[in-house]
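Remarks on the structure that follows.
The values are calculated or read from the model by the stated rules, or taken from the named source; none is laboratory data. None of the values given here were measured: they were computed from a predicted structure. Glycine also receives a Cβ, built like all others from the backbone with ideal geometry; neighbour counts cover every protein chain displayed.
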Amino acid sequence: MNDIYVPRFAFEITEEQQKRVNALMGGYGLRKAIFSKILDEVLDIIEAHGGMAIGILMSDVVPLKEVIPTMKEVSSYKRVKPKKEKRDG
């Protein structure tokens, strides 16, 4: 048994996506560097805005190229998880 655990994030892609990624991004290191940053950004958006962010990310209403600027604008309105207030006693 291997004592070194390396978490992974995997999902299915189309054959066309596979051809494109193979042509544009050769090695694992490049893919990991790019998609790790994208995953962090998506998780930050969902953490801050909850279901609303998931709905926007999954919908065809907002092009994905505009999602992050849109979420930045939305963040000025309301956070899903309000900051905890300190209570006496």
Count, please, the residues in segment 2-27 that happen to be under 23 Å from ASP40 (Cβ atoms) and either hydrophobic (A, V, I, L, M, F, W, C) or part of a helix (DSSP H, G or I) (or both). 11
Against the conditions (1) at pLDDT below 90; (2) outside any loop (DSSP other than H, G, I, E, B), where does GLU47 fall short? Just the number, please. (1)
Please list, ordered by first then second residue, the pairs with beta carbon atoms under 8 Å, 6 or more apart or interchain, first in segment 31-49 and in contact (Cβ under 8 Å) with a residue 24 or more places away in the chain, second of a type in the set (Lys, Arg). GLU47/LYS81; ALA48/ARG79; ALA48/LYS81; HIS49/ARG79
For ASN2, work out the one condition from (1) surrounded by 10 or more Cβ atoms within 10 Å (Cβ to Cβ); (2) at pLDDT below 90 it doesn't fulfil. (1)
